[in-house]
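Worksheet: one structure, shown below.
The values are calculated or read from the model by the stated rules, or taken from the named source; none is laboratory data. These numbers come from a predicted model, not from an experiment. Neighbour counts run over all protein chains shown; Cβ positions are idealised from the backbone, glycine included. Please note that ligands, DNA and RNA were not included when accessible areas were found on the heavy atoms of the full protein model with its side chains. Shrake-Rupley method; radii C 1.70, N 1.55, O 1.52, S 1.80 Å.
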Amino acid sequence: MKNRLIEIHDSKLDAVSIQGGEAVLHFPKVYIHESVGRPGIDAGSGWVQEALIRISDATVKRSFSKFPADLLDGYIKIGESLLQNEIPIPLSHNGIVELRLESWNDEVVLIAGSNAELELIGEPKYVEEFRP
């Protein structure tokens, strides 16, 4: 079984919307590291795929002034765990969550809420082999 995670750097965000108190973030492309070991650290492969992240009871504290935006860095805080520049796959968390995404032009999206869920859309497309 291969382990996977989304690397925020090299991903792209093209929309943030609020629907009934739920923030929906659309990524036309997330960069996924896949490895039999620790993804993003151990050897593996890189893939891209479309994705949505939904955050319930959302408070949008900051947002980009224009979309789409190529992402430079960020983090997701899930409960007490802070994951720098990565989003776990799968992601279905009930509890406090905070997502911060930074673009190459120094803008920030910052959203807090009570639950987070990741949906990968379509099939992943192979990009490259990853060697540390």
Of the listed residues (Asp14, Asp42, Asp70, Asp57), the one being among the acidic types (Asp, Glu) and modelled with pLDDT under 95 is Asp42
Here, strands (runs of 3 or more DSSP E) confined to the stretch 21-132 with at least 3 residues that are within 15 Å of Glu7 (Cβ to Cβ), without any contact (Cβ under 8 Å) to a residue 12 or more places away in the chain and open to solvent by less than 30 Å² (accessible area, probe 1.4 Å) are none
Check your understanding: Looking at this structure, is Asp57 under 17 Å from Gly21 (Cβ atoms) and not hydrophobic (A, V, I, L, M, F, W, C)?
Key -> yes
Selection over the stretch 10-20 where residues are more than 19 Å from Tyr126 (Cβ to Cβ) and in contact (Cβ under 8 Å) with a residue 24 or more places away in the chain yields a count of 5
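How many residues, within the stretch 1-14, are within 20 Å of Glu102 (Cβ to Cβ) and open to solvent by 40 Å² or more (accessible area, probe 1.4 Å)? Working first, answer last.
Here is the first cut: in the stretch 1-14, the residues within 20 Å of Glu102 (Cβ to Cβ) are 5-14.
Pick out the ones that are also open to solvent by 40 Å² or more (accessible area, probe 1.4 Å) and you get 9-10, 12, 14.
The number of residues fulfilling the criteria is 4.
Can you pull out every residue in the stretch 1-20 that is more than 15 Å from the chain's Cα centre (by Cα) and assigned to a strand (DSSP E or B)? So that I can check it myself, show each step before the final result.
So in the stretch 1-20, the residues more than 15 Å from the chain's Cα centre (by Cα) come out as 1-3, 17-20.
Scanning the stretch 1-20 gives Asn3, Ser17, Ile18, Gln19.
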